[in-house]
Amino acid sequence: MYENIQNCRISGSSNLVTIFELDNQPLANALKKAPDEIEDKFPLTLMFCPDSSLVQLKETINKEVLFSNYTWVTGTSPTTQDYARLFFQRAAEVAKPNSDDLIVELASNDGTFLMPFLKYGYHNVLGIDPAKNIARVANQRGVRTLDRFWDKRVAEETVAKFGNAKIVIARNVIPHVSELQDVIAGIEYALRDDGVGIIEFHYAGQILQELHYDSIYHEHLCYFSLKSITYLLALYGLIPFHIDTSPISGGSHVIYFSKKKRRHSEKYLNLLEKENLIGVNEIQTWKKFSEKCYEHRKKSMDIVESFSYKTVLGFGASARSSTYLNFCGFDSTRIQAIIDNNPLKHGMYSPGTSIPIVSLGKGMQMNPDLIFILAWNFRDEIVNECRMNGYKGEFLVAFPDSPYYFRD
């Protein structure tokens with residue numbers, strides 16, 4: 001079901017160094033139907049390549065196991081829907097597509113990020129997503145979607161049927177794929193000569209600076225810096241020229257690139273300079289990161305232990321929370337339930353830790369003494385929801401940096 005890499009995923013170098021081991025972990029999105037359900041667990045090891053500066057996982061889980069059926073639905077959060085509109089505005093401003101230009105999104109999920117294009121008159125959109133259940137939802141919403149894993153062959157089929165794309169979008173998918181070279185080759189093939197590619201990725205510098213070790217799980221094979229993603233794109237003649245930040249995902253960046261050289265934006269140049277200052281492309285910096293992660297775990301365990309005779313509920317049964325909960329060893333004796341807004345998750349149990357996942361209404365009926373915000377990148381939205389539903393207690397927020405109490 002998995003294999004260990006011997007070479008860097010983009011440079012091919014065998015000069016890989018181990019920087020952080022998170023022990024055996026379940027698949028972060030493999031929710032359980034029963035608390036005692038048997039599940040597979042796999043090592044989770046973070047590596048660094050000095051040649052490409054890529055931070056990456058040692059283990060590669062079979063993609064069919066990870067992605068063919070999926071419970072993450074993009075459009076469940078109002079914050080995400082707001083961002084979809086902003087993402088559209090930025091993409092349209094940079095790429096300047098015509099109304100009939102082809103716009104393709106890889107791993108398009110339920111179509112949330114293509115819907116603003118449709119709304120504003122760009123009717124020629126195409127989603128590609130491997131999860132049949134989610135692709136079905138997208139098509140029902142009016143977003144033309146094919147249930148495929150993107151690669152060079154699928155790119156060739158797409159171009160043959162629909163033509164080349166003015167915009168190719170890959171939000172939070174490039175770090176997930178084991179066949180990186182094939183996927184980027186497909187993007188290069190599908191993109192028009194005057195087109196713009198857009199990749200959103202969880203930025204390694206943010207992970208490093210704010211201690212986001214909860215973003216490390218088996219689906220995320222790569223953790224890119226600007227230097228390492230530029231290295232990857234350059235292998236296929238793709239040239240980055242602009243960078244934006246994402247208001248969701250707790251530290252994602254959005255890189256814009258093309259086949260033809262364009263002037264670097266000020267944001268791009270500023271980030272390049274910042275990378276040199278924070279040492280994101282240096283092995284020693286990542287070894288210090290590992291030490292801080294163990295300190296974070298100890299503080300988290302001490303805080304939750306202090307609530308051992310009270311009702312503690314988590315909020316956000318995300319993949320991130322799975323890494324964090326399993327690394328800390330929290331289970332239903334410490335956190336009695338996890339509230340989540342995705343109805344597909346209700347009645348399920350968290351991977352490894354077997355904590356029941358409930359709706360907000362059921363969570364409020366449990367009269368929690370503390371709500372532990374695990375989906376911390378949606379903190380303000382979660383706080384507002386809980387207050388509107390009568391919760392008057394304290395909030396504990398897992399990240400960034402050290403866990404902290406939040407009083408609105």
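The numbers here are math on the coordinates, done by the rules we state, and not lab data. Bear in mind that the values here come from a model prediction, so they are computed numbers and not experimental data. Quick reminder, even Gly has a Cβ in these numbers, built from the backbone with ideal geometry, and neighbours come from all protein chains shown.
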Ellipticity estimate at 222 nm from DSSP helix runs (n ≥ 4, -39,500 (n - 2.57)) divided over the chain, nearest 500: -10000 deg cm²/dmol
Label-to-label distance, nm, for residues given as Ser402 and Thr333 (7 Å Cα→Cβ offset): 2.8
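Averaging sequence separations of C-alpha pairs under 8 Å and six or more residues apart, then dividing by the length of the chain, give the relative contact order as a whole percent. Please report the intermediate quantities before stating the final value.
On the way: 851 pairs, mean separation 64.5, N = 408.
Reported as a whole number, the value is 16 percent.
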Pair Thr311, Gln284: separation of 7 Å Cα→Cβ label points (nm): 5.2
The chain: angle of helix 180-190 to the longest principal axis, Cα-based, in degrees nearest 10: 50
Compactness relative to 2.2 N^0.38 Å, alpha carbon Rg of the chain: 0.97
Choice from Met47, Met348, Met301 with maximal GNM fluctuation in the chain (Cα, 10 Å cutoff): Met301
Hull volume in cubic angstrom per residue (convex hull over the Cα atoms of the range 1-142): 160
Of Thr285, His296, Phe224, farthest towards positive along the dipole that unit charges on Lys, Arg, Asp, Glu beta carbons give the range 199-314: Phe224
Cα gyration tensor shape of the range 321-404, rounded if a/c is under 1.5, else prolate or oblate by comparing a/b with b/c: oblate
GNM flexibility winner over the chain from Ala375, Ala138, Ala234 (Cα, springs under 10 Å): Ala234
Under Karplus coefficients 6.51, -1.76 and 1.60, residue-wise ³J(HN,Hα) of the range 97-104 in Hz, glycine/proline x: x, 8, 4, 9, 5, 6, 10, 10
Karplus-derived 3J(HN,Hα), 6.51/-1.76/1.60, for each residue of the range 211-223, Hz, glycine and proline x: 6, 7, 5, 5, 7, 8, 8, 4, 5, 8, 7, 10, 10
Interchain or long-range residues, amide H under 5 Å from Phe372's placed H: Leu313, Gly314, Phe315, Leu396
Inter-probe distance in nm under a simple model that places probes 7 Å from Cα toward Cβ, at Glu295 and Arg141: 4.1
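Rounded to the nearest 20 debye, what is the charge dipole size of the range 152-268 about its Cα centre when +1 sits on each Lys and Arg Cβ and -1 on each Asp and Glu Cβ?
Working: 13 positive and 13 negative charges, 112 e Å.
Here the range 152-268 has a charge dipole of around 540 debye.
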Neighbour-count order for Met364, Met115, Met1, fewest beta carbons within 10 angstrom listed first: Met1, Met364, Met115
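What is the local net charge at Pro351, summed over the other residues whose Cβ is closer than 15 Å to its Cβ (Lys, Arg +1; Asp, Glu -1)? Walk me through the numbers on the way to the answer.
Working: positive: Lys32, Lys33, Lys41, Arg320, Lys345; negative: Asp23, Asp36, Glu37, Glu39, Asp40, Asp214, Glu219, Asp331, Asp340.
Result for the local shell: -4.
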Partnerless Cys - the chain, beta-carbon criterion under 4.7 Å: Cys222, Cys293, Cys328, Cys386
